[in-house]
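Read through the structure below, which is laid out as structure tokens, and then see the notes.
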Amino acid sequence: MKKTDMIVIGGGVSGMISAIAAAKRGKKVTLLRYGLGAFEIGGGLIDIMAHPQDKKVCSTIKHSMDKIGEEHPYRKLGLPAIEEAVQFFLELSKEENFAYEGSTEKLHWVPTAVGTMKPTGLHTKTFNGQILKDADTIYLVDFKGLKDYYAKLTEKNLRKIFGEDKAYKVVTVDPHMEEAVGGRDIMIMDIARWLDTPEGLAECSKQLKHLVKANAAIVFPQVLGTKPDYTVYETLKAELQCELTETLSIPPSAAGMRLSEMLHNCARKYGVKIIENAKVIDSIVEDDVCEAVVVSGVGKEHTYYGEQFVLATGGFYGSGLDVLGVKKINEPIFDLPINFATNTEKWGNLELFSEEKQPFAMAGIQVDSKMHPLNHKGEQILKNVFVVGRNLSGYDFAFEKSGNGVALASAHQVATAVVGVEQNV
Amino acid sequence: MSDQKINLPDCCIACTACITACPVTAATQEFRGPKLVGPAQSRLQFAENDTEASLDYCSNCKNCEIACPSGVPISTLNMLARAKYYETHSHSQRDEMMGHPEKLAKLITKLPFGAFFANTGMEIGRPMGIIKAMGMADQRPLPKYASETFISMFKNKKQPASDKKIVFFPGCVINYNEPQVGLDFVDVMNKNGYQVLVEEGFVCCGSPLLTTGYLAEAKENAQKNTSLIKKWVDKGYPVLTVCTSCSLMLKQEYQELFEDEIPHMEKNAKHIFDAAEFLEFLYQKGELNENFGEVNHTFIYHAPCHLRAQGIGLPALELLSLVPGVEVTDAGAGCCGISGNYGYKVENYDRSMKIGKNLFDTIKASKVETVLTDCGTCRAQIAHGTNTETMHPISILAKSYKK
């Protein structure tokens, strides 16, 4: 059977990035995906690190490498590899005319839908908390009929953070979505799609011109388009002569859709072969080398042969890790050993917003510096298999705010390793 | 497969991926969206008349299922809910007609010059308002009937005999509307050393019956086809189609809809192939006849949603890239909007065209003269939406082998 250079299992952030990074360097890549990944939940930001130890300390990865455990994927990778990955992503997004900003050394703060502030790493220009600090007047835009966004609440909490000496004003735009009466509630995605259209953008801009004065800061819900470009942002910014920011919001996230499409466009551009609706259920392994993976398929199984394999199946959420009982976790494709990073007997803390990282969240697959899976003795098991993203052990992405950062850095490392392997042969 | 056939609304984790992927949701605010109409409503069906009013908007295009990370058969749940509704409600005359394209075609092709009069009638009927009065969109042409069916033409087709045989499931579009595609398919298989057999007992796969709410009749068709397919599978012959909606129905939807009601479906499905899937598999094994002649032409390829749902990638695109002189790009512009008979209904026409707009714009901007796609109704929609010639990819392979 014909073999491809690299087979990536999973189409979320880590799968897409490893596929793109390898394809960009000339590898033939096939990506097997089942579902759209967590883009619509993830919100389109690349959180790198905010809480290395506890909730009291808020720090970037550059200033906290010594604070995170030895089992943390970032410790395996090392800071230079993380920084290279960040650089790769910033350049990739720039090439796509949807440049992200940010770094490993400075936290960037973005407003949430309820008016609190959240730290992140890499972000689009449309998320910018700084403008709220600098402005004398803050407008909060609401849309008539929009569900799950309460500009009054956003205003109330932003006042607490940015002080009462600024002027705050809620303004409402009417998107004329009469169809929604008796139909579907208007979601943020619907407004974003309205603004994708030239007519919607012109109408919104026209209404806002009557409602806001220039040189202010404007807070939008996450509606500045669903496409990976800055058309909506730049147009409104220029027309209204104001600084703009979006807020984070509940799913489906328009910013997640932008990131998803941007990565999809890159993958197509570099010739990544994407097989949709392909659930990998098994692997064919000879000694310590994987020959192929098996897709359950529609009606029949399909076998994909390759030289290198990347496991990017997304942990518990993406069925990359199956929970079979208390502390019984299974990795269904290669049956890789699961590592519990902590020695605690506790499976989890009862508090949802606990002050400690959750032991269950730290469970995953232990790897070496190239992201090859290891057994409990720390020995390499499969020579041509790599693990990226949430399947890795030793970190709690939700607590740390490090999910997409680990996905990006581990994925980029794998692409580098795969290209290196080939060059050595 | 066995763990994800049907009735899995509780596997929905409400991640909203389906909402972002649904082309109907993007086109209208009147549709409540796949998550609510599919899994959420399935959990909430307590009373018989507890039907979601916007269920009619679902086109069964399957983009929600492609997007779902949890294997929830969202659109199939919708089709089951639609069937349940029609258990206690009667169908319109229009749906009676649109759900039964095979019945209609059989009637027409049996009459002397039936196809000619039917085609002429459709042409005359449009300006006279008859088509619209029947509840069908009169802005687009209805599929034309061929003067001779594929089955009839096949009987006169000479093939080299071979021990390697496959059985062809032509489907309604190929048999009644585009028989040449079926003949091209036979040529391509012959060039690869296969003799093609046609099972005349096959009936419509049942896809139009399902989407129009005739579940009981779809089941009858499934029973007939399944037992015939079993007969050939037992002889060791694979069953191939050139229509991606037929193959999806035969491979997957039968099992989802009629699990435990019809025997042999699961085993059959392992031997049912889309034509390009089969040929690409030969290529992977190094068994494809790669003596392709040059075809100097630039194409855009559109992947039908029902192909993307099959988890086999875009095999036709892979094959086309082997043909010297062929320049082909994947449109990658989403659903064309037709979804079988959906876009032919008068109330769906505008929405259907709105859904397809992104694809139409992509095709128009490319300035190519020919669009390739594996699905018959996609071909009709693209031709209508872009004024561009459309072809089945198998016809390009056939042409290439002849050179």
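The values are calculated or read from the model by the stated rules, or taken from the named source; none is laboratory data. Please read these numbers as outputs of a predicted model, since none were measured by experiment. Every residue, glycine among them, receives a Cβ derived from its backbone with ideal geometry; neighbour counts consider all protein chains shown. The area values use the complete protein model at the heavy-atom level, side chains included, leaving out ligands, DNA and RNA. Shrake-Rupley method; radii C 1.70, N 1.55, O 1.52, S 1.80 Å.
With N set to the number of residues, divide the alpha-carbon radius of gyration of segment B:78-222 by 2.2 N^0.38 Å and report two decimals. Please list the in-between numbers first.
Working: Rg = 17.8 Å, N = 145, 2.2 N^0.38 = 14.6 Å.
Taking the Cα Rg and dividing by 2.2 N^0.38 Å, one obtains 1.22.
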ask   = Which pairs in the list A:Lys62/A:Lys383; B:Lys158/B:Lys270; A:Lys2/A:Lys300; B:Lys219/B:Lys267 are over 22 Å apart, alpha-carbon to alpha-carbon?
value = A:Lys62/A:Lys383; B:Lys158/B:Lys270
note = Ordering B:Asp374, A:Asp174 by the accessible surface of their heavy atoms, 1.4 Å probe, largest first, yields A:Asp174, B:Asp374
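Multiply the residue separation of B:Glu347 and B:Glu294 by 0.36 nm, subtract the distance between their alpha-carbon atoms, and state the gained length in nm to one decimal. Each step should come with its number before you reach the end.
Numbers: separation 53, 0.36 × 53 = 19.08 nm, distance 4.47 nm.
Net length gain for the segment: 14.6 nm.
Other chains near A:262-274: what is the mean number of their Cβ atoms within 10 Å of each residue's Cβ?
Working: counts 0, 0, 1, 1, 0, 0, 3, 0, 0, 0, 0, 4, 5.
Per residue, the number of nearby Cβ atoms from other chains is 1 on average.
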note = The helix B:74-88 Cα axis meets the longest alpha-carbon principal axis of chain B at an angle in degrees, between 0 and 90 and rounded to 10, of 60
remark   = XL table A:Lys76/A:Lys401; A:Lys279/B:Lys235; A:Lys67/A:Lys357; A:Lys133/A:Lys156; Cα-Cα > 25 Å flagged, in table order, is A:Lys279/B:Lys235
inquiry  = Tell me the per residue accessible area of segment B:93-133 using a 1.4 Å probe; a whole number in Å² is fine.
reply    = 65
query = So if we plug the beta-carbon distance of A:Ile250 and A:Asn215 into 1/(1 + (r/R0)^6) with R0 = 25 Å, what FRET efficiency do we get, rounded to 0.05?
reply = 0.20
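Can you tell me what share of the DSSP beta bridges in the protein assembly as shown is antiparallel? A percent to the nearest 5 is fine.
30
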message = For a quick check of your reading of the filter: which trypsin sites (Lys or Arg not before Pro) in segment A:170-238 sit in a DSSP loop and have no more than 15 other Cβ atoms within 10 Å?
response = A:Lys213
task = Just the Kirkwood number for segment B:3-87, please: inverse of mean 1/r across all distinct Cα pairs, in Å, one decimal.
result = 12.6
ask   = So how far, in whole Å, is the C-alpha centre of segment A:256-324 from the one of segment A:208-227?
value = 40
ask   = Ignoring ligands, DNA and RNA, what accessible area per residue does segment B:3-87 give at 1.4 Å, in Å²?
value = 36
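Which FRET efficiency value, to the nearest 0.05, do you get for B:Asp234 and A:Glu379 by plugging their Cβ-Cβ distance into 1/(1 + (r/R0)^6) with R0 = 51 Å? Can you show the working numbers first?
Values: r = 49 Å, r/R0 = 0.96.
So the FRET efficiency works out to roughly 0.55.
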query = With a 1.4 Å probe, how much accessible area is buried between chains A and B, both sides summed, in Å² to the nearest hundred?
reply = 3500
ask   = Most fluctuating residue of B:Ala216, B:Ala309, B:Ala105 in a GNM of chain B with Cα springs under 10 Å: which is it?
value = B:Ala216
message = Over the Cα atoms of the protein assembly as shown, each weighted equally, I'd like the Debye log10 I(q)/I(0) at q = 0.09 Å⁻¹, rounded to two decimals.
response = -0.92
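Based on DSSP, what percent of beta bridges with both residues in segment B:150-283 are antiparallel, to the nearest 5?
Numbers: 0 of 9 bridges.
The antiparallel proportion sits near 0 percent.
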ask   = Carbon and sulfur together cover what percent of the accessible area of chain A at a 1.4 Å probe radius?
value = 50
request  = Springs between alpha-carbon atoms under 10 Å, Gaussian network over chain B: tell me which of B:Asn78, B:Asn341, B:Asn156 tops the mean-square fluctuations.
outcome  = B:Asn156
remark   = Expressed in square angstrom to the nearest 10, the accessible area of A:Glu261 with a 1.4 Å probe stands at 60
ask   = Dipole of segment A:269-425 (Lys/Arg Cβ +1, Asp/Glu Cβ -1, origin at the Cα centre): which of A:Gln308, A:Ser354, A:Ala417 lies farthest to the positive side?
value = A:Ser354
task = Could you tell me which of rounded, prolate or oblate describes chain B, using a ≥ b ≥ c as the square roots of the eigenvalues of the alpha-carbon gyration tensor, with rounded for a/c under 1.5 and, failing that, prolate when a/b is larger than b/c and oblate otherwise?
result = rounded
inquiry  = Could you give each residue of segment B:375-381 its phi-based ³J(HN,Hα) in whole Hz, using Karplus coefficients 6.51, -1.76, 1.60 with θ = phi - 60°, and x for Gly or Pro?
reply    = 10, x, 6, 4, 4, 5, 5
ask   = Pick from B:Lys285, B:Lys364, B:Lys103: which residue has the top mean-square fluctuation in a GNM of chain B where Cα pairs under 10 Å get a spring?
value = B:Lys285
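May I ask you to derive the relative contact order of segment B:290-402, considering only C-alpha pairs under 8 Å and at least 6 residues apart, and to give it as an integer percent?
Numbers: 192 pairs, mean separation 36.0, N = 113.
Answer for segment B:290-402 is 32 percent.
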message = With the cut-off at 26 Å, tell me which of the pairs A:Lys27/B:Lys403; A:Lys56/A:Lys125; B:Lys164/B:Lys231 have Cα atoms farther apart than that.
response = A:Lys27/B:Lys403; A:Lys56/A:Lys125
Chain A: antiparallel DSSP beta bridges as a percent of all, rounded to 5 = 40
Helix B:101-110 vs. chain B, principal-axis angle (Cα, 0 to 90°, nearest 10) = 50
